1. Could you please give the count of residues in the range B:274-301 that are more than 22 Å from residue B:346 (Cα to Cα) and either in contact with a strand residue (DSSP E or B) (Cβ under 6 Å, 6 or more places away or on another chain) or touching a residue at least 40 places away in the same chain (Cβ under 8 Å) (or both)?
2. Please report, ordered by residue number, the helices (runs of 4 or more DSSP H) entirely within the range B:23-102 with at least 3 residues that are at pLDDT 85 or above and under 26 Å from residue B:491 (Cβ atoms).
3. Taking only pairs six or more apart or across chains, which ones have beta-carbon atoms under 8 Å, a first residue in the range A:7-29 that is closer than 22 Å to residue A:95 by Cα, and a second residue that is at pLDDT below 75 and of a type in the set (A, V, I, L, M, F, W, C)?
4. Could you list all residues from the range B:240-275 that are surrounded by 14 or more Cβ atoms within 10 Å (Cβ to Cβ) and facing chain A (nearest Cβ under 8 Å)?
5. Please state which one of B:23, B:10 is farther than 30 Å from residue B:459 by Cα, more than 8 Å from chain A (Cβ to nearest Cβ) and without any contact (Cβ under 8 Å) to a residue 40 or more places away in the chain.
6. Any residue that is more than 14 Å from every other protein chain (Cβ to nearest Cβ), in contact with a Pro (Cβ under 9 Å, 6 or more places away or on another chain), farther than 29 Å from residue A:497 by Cβ and outside any loop (DSSP other than H, G, I, E, B) - is there at least one of those in the range B:327-348?
7. Output yes when any residue across the range B:67-82 is within 30 Å of residue B:188 (Cα to Cα) and surrounded by fewer than 16 Cβ atoms within 10 Å (Cβ to Cβ), and no when none is.
8. For residue A:25, indicate whether it is touching a His at 6+ places or on another chain (Cβ under 7 Å) and away from chain B (no Cβ under 12 Å).
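The values are calculated or read from the model by the stated rules, or taken from the named source; none is laboratory data. All values reported here derive from a predicted model rather than from experimental measurement. All Cβ positions, glycine included, derive from the backbone under ideal geometry; neighbour counts span all protein chains shown.
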Amino acid sequence: MAVERLFKDEATEEKGERARMASFVGAVAIADLVKTTLGPKGMDKILQSTGRGHSVTVTNDGATILKSLHIDNAAAKVLVDISKVQDDEVGDGTTSVVVLAGELLREAEKLVNAKIHPMTIISGYRMAAECARNALLEKVVDNKLDAEKFKTDLMKIAMTTLSSKILSQDKEHFAKLAVDAVMRLKGSTNLESIQIIKKPGGSLKDSFLDEGFILDKKIGVGQPKRIENAKILVANTAMDTDKVKIYGARVRVDSMAKVAEIEVAEKEKMREKVQKIINHGINCFVNRQLIYNFPEELFADAGVLAIEHADFDGIERLALVTGGEIASTFDNPESVKLGHCKLIEEIMIGEDRLIHFSGVEMGQACTIVLRGASPHMLDEAERSLHDALCVLSQTVIDSRVLFGGGWPEMVMAKAVDELARKTPGKRSHAIEAFSRALVAIPTIIADNAGLDSAELVAQLRAEHHKEESNAGIDVISGSVGDMADLGISEAFKVKQAVLLSATEAAEMILRVDEIITCAPRRREDRM
Amino acid sequence: MALAFDEFGRPFIILREQEQKSRLRGLDAQKANIASGKAVSRILQTSLGPKGMDKMLQSPDGDVTITNDGATILEQMDVDNQIAKLMVELSRSQDYEIGDGTTGVVVMAGALLEHAEKLLERGIHPIRISEGYETASRIAFEHLEHIAHKFEFSASDIEPLIQTCMTTLSSKIVNRCKRSLAEIAVKAVLAVADLERKDVNLDLIKVEGKVGGKLEDTELIYGIVVDKDMSHPQMPKQIEDAKIAILTCPFEPPKPKTKHKVDIDTVEKFQTLRQQEQKYFDDMVQKCKDVGATLVICQWGFDDEANHLLMHRNLPAVRWVGGVELELIAIATGGRIVPRFQELTPEKLGRAGLVREKAFGTTKDRMIYIEHCANSRAVTIFIRGGNKMMIEETKRSLHDALCVARNLIRNNSIVYGGGSAEISCSIAVEAAADKYPGVEQYAIRAFADALDAVPMALAENSGLQPIETLSAVKSQQIKENNSCFGIDCNDVGTNDMREQNVFETLIGKQQQLLLATQVVKMILKIDDVISPSEY
């Protein structure tokens, strides 16, 4: 007797082969979607949001593309998730991880069709991933001790990362920007002290790195435009008439005269507060909240530069770089730590006026000003630069470096192939499949560049059969080249994360034999 | 049927609005119920054992869960059928009581129902079947005790415990690093266990997850991890020998519950009020400082001014800490939760050797570690993993492992796994059946057959020939009179579970049998299902 209804209305259940099919199809579709963006000659995608204004984003950053998709397929969501994590953790390789997972699943699908149990495939994949990782570990180069070499390594990595992005035209310029910025951090991964300001206008080449700090704000009217040896008080306080915070307080008056009196008292209070602030001996005051006209006027009278409404990040960063503390009370001027900088001035970038703090105490901070033709261009440039910065800062910690251009994949594929030959039993099919999936990545890179991928990959494989080969795909000239000569490098950490998360995700999807989708929560009609 | 007639021949209604309700009675009702119970168990059957498959569940909000934990699957399945709900409850109660074997119990119940159906078709009354099942379950229960082994371990020799936890973890997706996770689980349980009283309070183990990193980075922290950061970005990131004031009162002016108004009608009043307000903030901070606190953990928020004052007085603070975490911190540091500033005393401060803020990855995630606490009884397992799903699944798997370790500390009797206990019980029940005269004999025999369902599913999931394997193992058990033979799921080459170190707790197994029998009895007793028909 059949059960009519086990689940709630609209809930669906898919079992066994169908479930596996559904997840394979979903995952492979996602991988195919981002596949064309892989590599230096990858194409971009236009994303149009459904929100108001239908704003448009042009990008080839895997994580950004996947984040913006509305996906219903559960397996596809797993892939989107790993790409997000890759972005959070190492910042780059977001496309590669999805593509590799997709390829692994595509290979797995064939094996499942050939009646190999998913569990066997999983155990084969695991062995292969471990073996691939060891192969990479053997080949890594670590130049941490040699500062000069390390710097060229960083430069190479930055160029490799940027070459697949919109910035590839000026990759040397930007690679230098990124490396300089990261070197200033001296080993910390705190990217907060690198500020990126986007200003439309000019060309990408006009972007520059500034060792100071730039605040995108205007200086108040009638206040000095240039201050040398500035003492800065960074504050987070309400600069209107302070509300009385004691609950239930209210003003009750019985005549107009009283109103006037209270008003005077309020003004007096304000004046006192401003006076207290000025008494700190400062000549620059930066507040997170608004500064109203009256106190602004008072500051102007005292010759203090007052900057209002700097956002939260701005304040924190400013406090960090100038070495000041964020103050909210002003009663003990002697113990508040003030920030210092050599020079504050108003500068012009394009049409806009910005405030520039130079000669700050902490040398770590710097600002990268991006210039470009359109906001879309700038957004994409920022994302690319962010990727590069992330990778570099991670490389500073884990300085192991590999070659790029499909070299690591070939090295791994070779090791995995050898393992397959040694492994008895059905697992060897899965291990072979793993190596095929790895080779798919250089193939895709070549395909995206419009090259003869079959020919190139075959050549590459032959090259790699020799000991100590540095061969990889040189997309620019369209041939197999020596990656050491071409200076194409990648961070080991990124490659390792790609390998491990892709295997993990593929494993997770393979293990599923049933998908149960609950009825979607009903949205109440708001109208 | 639902319509009766009174003595004047007028109809009156027993069941209201009966045309809007559908009704199943008698054998049909039982069969329908059994069918839905079986449907649920069939869903779970493929998740059993180390080679079991996972289920992907999509919640109403579109979040995806991938798991093979029986309790979780059933909980998230959004079941509508009443009997199916009973099965969900069954798995949940196994989860609450034992924490492991949630899949097994449902598979067992499904098998019992399946065999009951056959007996019903032969015309045996459901009550007789349930009585037979009851008798059989008692036999099996006692037999389990008979074949159980004592399991020796001590606080210094934790290897056996780790082995057990590894068995539990091997069926989960995390089995890649089951060794390290099992060690973490055992150490965590031992840290909070009271070996004298044989009691473990699992509430003291906090499982916290953060996306990113590798599964291998998962660590056990003898202390508390709070997913918060210091209230002021410039407060020190590391405090040694911290004295912690744990507060549940906000750093804000008081808000009396009674409605009141403070009227300001003169300038003087306005000014006094202002001064009082400032003094109030100052007092609050001063009080914390006076008792010698070097760290303030507050359940509520602070005002900007209070925040700066704290910063200024060099008193780091953490705000918006949840109630549960606050309690754990209080337990770990030996402090007291203080609801009012007036009640702050030096004795009420908690102590911790090291408090530090740690940043992760390229994003701005930060967490606060409170370590080397005065009372190291509270521990935190901090899970890292590739994505949210992975972490959730790891949490569930660790929960299972923790429960197993706890059960072993409570009661150190074990039975061997891999279906060996079920097979052994099945043999015992089968043998005992012949002694019972009457109809129950059939029910008892059916119970024995149903017991075979678990090893059968195990073998099937492992890609073995289920019937062949089962009969081979069964005959081996009888021949060698050794209850340790089970299904060789991992293809190790031996099916002696003692050699493979696969075992489960005795109480877990017993509980499974009892709970499954109970639910099946309950379902068999239902002979009338009235439900509102669809409209």
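1. Summing the residues that are more than 22 Å from residue B:346 (Cα to Cα) and either in contact with a strand residue (DSSP E or B) (Cβ under 6 Å, 6 or more places away or on another chain) or touching a residue at least 40 places away in the same chain (Cβ under 8 Å) (or both) in the range B:274-301 gives 1.
2. Ranges flagged: B:26-45.
3. none
4. Keep residues of the range B:240-275 that are surrounded by 14 or more Cβ atoms within 10 Å (Cβ to Cβ), which gives B:242-253, B:262, B:264-267, B:269-271, B:273-274.
Across the range B:240-275, the qualifying residues are B:252, B:253, B:262, B:264, B:265, B:266, B:267, B:270, B:271, B:273, B:274.
5. Sole residue among the options that is farther than 30 Å from residue B:459 by Cα, more than 8 Å from chain A (Cβ to nearest Cβ) and without any contact (Cβ under 8 Å) to a residue 40 or more places away in the chain: B:10.
6. No; the residues of the range B:327-348 include none that is more than 14 Å from every other protein chain (Cβ to nearest Cβ), in contact with a Pro (Cβ under 9 Å, 6 or more places away or on another chain), farther than 29 Å from residue A:497 by Cβ and outside any loop (DSSP other than H, G, I, E, B).
7. For the range B:67-82, residues within 30 Å of residue B:188 (Cα to Cα) and surrounded by fewer than 16 Cβ atoms within 10 Å (Cβ to Cβ): absent.
8. no
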